[in-house]
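These notes concern the structure reproduced below.
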Amino acid sequence: MSVKALKGFKDILPDEVEIWQRIERIARDIFHRFGFSEIKVPILEKTDLFVRSIGEATDIVEKEMYTFTDRNGASITMRPEGTASVLRSFVEHGLHVRQPVQRLYTIGPMFRHERPQKGRLRQFHQLSCEVLGSDLPRLDAEVMAMAWLILKELGLSISLEMNSLGCPACRPAFKKTLIAFLQGHAGQLCEDCERRRETNPLRVLDCKSANCQEKYKNAPSILDHLCEGCGDHFQAVKQGLDVLNIPYSVNSFMVRGLDYYTRTTFELITDALGAQSAVGAGGRYDGLVKQLGGPDLPGIGFGMGIERLALLLRQSGQEAALPGIDLFVAALGEAAQETGYTLTNTLRTKGLKAAMDLEGRSLKSQMKQAGKSGARFALIIGDDELAKGEGVLRDMTTREQETIALKQDTAALAASLAERIQSQ
Ligand code: HAM
């Protein structure tokens, strides 16, 4: 019996990897343009890190973490997201001392034991970034503008929704008002909302049930309960987005599945992925660095799901083709094979993508292979040609052929072929 991959864990096959590399290339380039540096953090962390940051009453911590006890009896978790780990590293290495405002990004796998479906996996990958050390509203707008640019340069059209979740000064009063409102609907809500009414009341607002949403039509809005500081911040973020010409809509029902957010939150939404509408999401988390034992520094960031981006790119027909090779060496006969073998290797040292058949197949089958590999050129060497000191260079697109003198040493021949092909 063959062994299959785990449910919710997916192989990324070579033809898909091309799209992934394109996504990562564009994202990295844009992160660098905005002054971000890459940080790589471990996949395993102490469980406590995620409980303290994401929040005990969240779905992630309650039921989705891959947690196990290691050989020393410590509770370890495979990271369900990147923010907590990056902040742990930031605090542990005192990175704030090096630079007052740090801009960090990381790319890698995350693990959540969710029910797999289209765009939702148990191992998924995020492009995620964090800015630590500034609470200026202009920064919030800049971070959203960066997310927007990544999607734009990928050729995706996505909508940006934003909200403010207030701060520890104003949110508790809003929570009380919301709990009182929900009390009026006790017994009429879905099982999750009934439970969350008390444990995590804000989360009821993004419930997917039509019945619950009907009940929440007249729910109090967080935006009417912001303190002066949060209200001013929110206005200034919106102004920043306007100045940068980033289209957005305000969604006062947007709450996030992680407890650390304060003030600005945002989601990048599509209707092209069924239930999994968020391609990316993020927000501000001003108390989190302190909560993790660091200095009292504000922060903001976002994460984008690479699987979801790749799905959207595929759906919009933007398949990235596997890169073709530059030159296929088709050699017939023992002596020609010998010459072809060293020539192919030398061509690679000159920067060319070169290939040849090592199996000694017929010329016809080698030319078929050259076609399949997407080669731009084929160099045909038969023993007869070799005896005359000649090979035939065929342009695989135009089918034009020219005779190439082989009577030179391999390095010189490879250099002249490389020059000839690279100039095309
Ligand atoms: P999040 O909303 O949990 O935020 O995840 C961010 C993105 O990761 C989602 O919008 C989605 O594209 C992708 N994603 C999440 N779960 C899955 C899954 N099971 N399968 C596939 N893709 C998924 C965070 O993780 C925060 N750390 C983002 C952040 C960074 N906030 C501030 N800084």
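No value in this document is a laboratory result; all are computed from the given coordinates. Quick caveat, the model's predicted, so the values are computed rather than measured. Glycine gets a Cβ as well: all are built from the backbone with ideal geometry, and neighbour counts include every protein chain shown.
Annotations
- Residue of GLU338, GLU62, GLU161 that the Gaussian network model of the chain assigns the largest fluctuation, springs spanning Cα pairs under 10 Å: GLU338
- All aspartates and glutamates inside 19 Å of LYS407 as judged from Cα atoms, apart from same-chain residues fewer than 8 positions distant: GLU334, GLU338, ASP383, ASP384, GLU385, GLU390, GLU419
- For the chain, a Gaussian network of Cα nodes joined below 10 Å ranks LYS63, LYS176, LYS350 by mean-square fluctuation, and the top entry is LYS350.
- Here segment 127-153 is scanned for amide nitrogen atoms under 14 Å from the site 7 Å beyond the Cα of ARG28 along Cα-to-Cβ, giving 127-128.
- Cα-based helix-to-principal-axis angle, 410-422 vs the chain, degrees rounded to 10: 50
- For the chain, the 222 nm mean residue ellipticity estimated from helices alone, with every DSSP H stretch of n ≥ 4 adding -39500 (n - 2.57) and the total spread over all residues, rounds to -11500 deg cm²/dmol.
- Filter on LYS364/LYS388; LYS46/LYS118; LYS7/LYS118; LYS7/LYS372 - keep pairs with C-alpha separation over 23 Å: LYS46/LYS118; LYS7/LYS372
- Segment 327-422: C-alpha gyration tensor shape, a/c 1.5 cut-off, then a/b vs b/c: rounded
- Full-stretch length increase - GLN318, SER37 - with 0.36 nm per residue and alpha-carbon distance subtracted: 98.3 nm
- Compared with the dominant principal axis of the Cα atoms in the chain, helix 137-153 is inclined by about 30°.
- Whichever lysines have a C-alpha closer than 23 Å to that of LYS40, once near sequence neighbours (fewer than 8 apart) are set aside: LYS10, LYS290
- Sparsely packed trypsin sites (Lys or Arg not before Pro) within segment 363-424, loop by DSSP, other Cβ within 10 Å at most 11: ARG399, LYS407
- Principal-axis tilt of helix 83-92 within the chain, Cα atoms, nearest 10 degrees: 90
- Local electrostatic count at ARG420 - Lys and Arg +1, Asp and Glu -1, tallied over other residues with Cβ under 14 Å: -2
- Listed by chain and number, the aspartates and glutamates whose alpha-carbon sits under 17 Å from that of LYS238, ignoring those within fewer than 8 places in the same chain, are ASP135, ASP140, GLU142, GLU161, ASP224, GLU228, GLU267.
- For segment 155-235: rounded, prolate or oblate by the Cα gyration tensor [a/c cutoff 1.5]: oblate
- Of the residues ASP326, ASP48, ASP259, the one that moves most in a GNM of the chain with alpha-carbon contacts below 10 Å is ASP326.
- Segment 315-424: relative contact order in percent, alpha carbon pairs under 8 Å with at least 6 residues between: 29
- Gap separating the Cα centres of segment 19-83 and segment 235-258, nearest whole Å: 25
- One equal scatterer on each Cα of the chain, no solvent, Debye formula: the resulting log10 I(q)/I(0) at q = 0.07 Å⁻¹ is -0.48.
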